[in-house]
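Taking it in order: structure first as structure tokens, then the write-up.
Any read-out appearing in this document is the output of simple, stated calculations on the displayed coordinates, not a laboratory observation. These figures come from a predicted structure and were not determined experimentally. Positions of Cβ are backbone-derived with ideal geometry, glycine not excepted, and every protein chain shown enters the neighbour counts.
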Amino acid sequence: MEGLANLGATCAINSLIQMLYRNERFKQLILSSTVAENTITFELKDLFNALNTYKNTITPNRFIAHFYNVFNGIFRRNEEIDICELFLFLIQKIHEDMAFNINVKKEFLNIYDEHNYNIAVHNNFKYSNIYKLFQGSHMHSIQCMSCFHITKTFEPFIMISLDIQPNASISELLDNYYTTEIRSKDHWVCEKCNLNCNYNKTTSIWKFPEILFISLNRFKDMTTKNIELVDVNTAISLNKVYNLHSIGFHHGILNAGHYNSICRNETNNFILYDDNNTALINNLEPLLKTSNSYLLCYD
């Protein structure tokens, strides 16, 4: 239950590192990686090795110094970091460190090839094992209510961002996110019948990631936080069953708050990681329905 020392507003970094390190598939991917020195992945691997070796609090001076060097102009020392933004930037950078070129032909024969080509274009024809773990894809469908022609487009994601509703669970928020929306006439014109008419708009998951990250849209601006309680399901079903692995919590307001996280260990117990403080959680229930849950990981 190794903790990480806070080196000045690094609680978001510490919390995310614990969420990632405690995920066995991600940890093994990083530990087995062969990347160049002076990359964020190399430094993360070094930190993971330290967490593997030492049983006391780790002071991650080298990783933090390298982190702020890599993300210079994006994150500043001693300023609070948004953990969801941090996750997106960090995974993208690790992907860049690990990525290799792929060859995907534009001439596709079926919808599966069309999907693969569109995702490859979005990823600049780069592939990595990190995206194999974290990247899923959405299919956006628009159906014309005049001629019933359906247009499909594909878009990758590594995190699903959900709007919060009162007294809702994660499963309910997901159901709402993927509900078909009936649109009245607006600027849209059907590509087949060329009419400006009503249409149905649907988003669905086409490719399911191996590890699913979900963020809750708690912030409208720097000072306004949505403090509605959200019921975090310990398992969700999205064509496959995902089990809760970890939660990143935010306490306070965006620019003056604190982060910690809970993570499931190999014996299916949850551990609280709060910088250098760690503790076994004897009763998980109170932590599943709070106003502070912010970043969720399911695997």
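Points to keep in mind about this one:
- Chain lengthening between Ala279 and Ala65 when straightened (0.36 nm per residue, less Cα-Cα): 74.3 nm
- Build a GNM of the chain with springs between Cα atoms under 10 Å apart, and of Phe75, Phe100, Phe87 the one that fluctuates most is Phe100.
- Net +/- balance of residues flanking Ile211 in space, Cβ distance below 9 Å, scoring K and R +1, D and E -1: -1
- Along region 258-270 the Karplus relation, 6.51 cos²θ - 1.76 cosθ + 1.60 evaluated at θ = phi - 60°, assigns HN-Hα couplings of 8, 10, 8, 8, 10, 9, 7, 9, 5, 9, 6, 8, 9 Hz to successive residues, with x for each Gly and Pro.
- Net charge contributed by nearby residues that have their C-beta within less than 14 Å of Asn72 (K/R +1, D/E -1): +2
- Listed residues Asn116, Asn103, Asn61, most fluctuating in the chain (Gaussian network, C-alpha, under 10 Å): Asn103
- Protection proxy ranking, peptides 77-84, 288-295, average beta carbon neighbours within 10 Å, highest first: 288-295, 77-84
- Cysteines not pairable in the chain (beta carbon separation under 4.7 Å absent): Cys11, Cys84, Cys197, Cys263, Cys297
- Total charge dipole magnitude, the chain, about the Cα centre, Cβ charges on Lys, Arg, Asp, Glu only, Debye to nearest 20: 400 debye
- 3J(HN,Hα) along region 158-173: 10, 7, 9, 9, 10, 6, 9, 10, x, 6, 10, 9, 4, 4, 5, 5 Hz, from the Karplus curve 6.51 cos²θ - 1.76 cosθ + 1.60 with θ = phi - 60°, whole Hz, x for Gly and Pro.
- Under-5 Å amide H pairs with Ile81, H placed in peptide plane, nonlocal only: Ala12
- Backbone HN-Hα couplings from phi across region 9-24 [Karplus 6.51/-1.76/1.60, Hz, Gly and Pro as x]: 6, 10, 5, 5, 4, 4, 5, 5, 4, 5, 4, 7, 5, 6, 8, 4
- Most positive-pole-ward Cα, Ala99, Leu229, Ile164, against dipole of the chain from beta carbon charges: Ala99
- Cα lying deepest toward the dipole's positive end in region 11-298, options Asn38, Thr278, Ile13, charges on Cβ: Asn38
- Which labelled figure in (1) 19.2; (2) 17.5; (3) 20.1 is mean projected area of the Cα convex hull in nm², once derived from the coordinates: (2)
- Residues whose placed amide H lies under 5 Å from that of Gly3, excluding near-sequence neighbours: Thr57, Ile58
- When only alpha carbons are used to place a centre, region 118-161 and region 1-64 end up 31 Å from one another.
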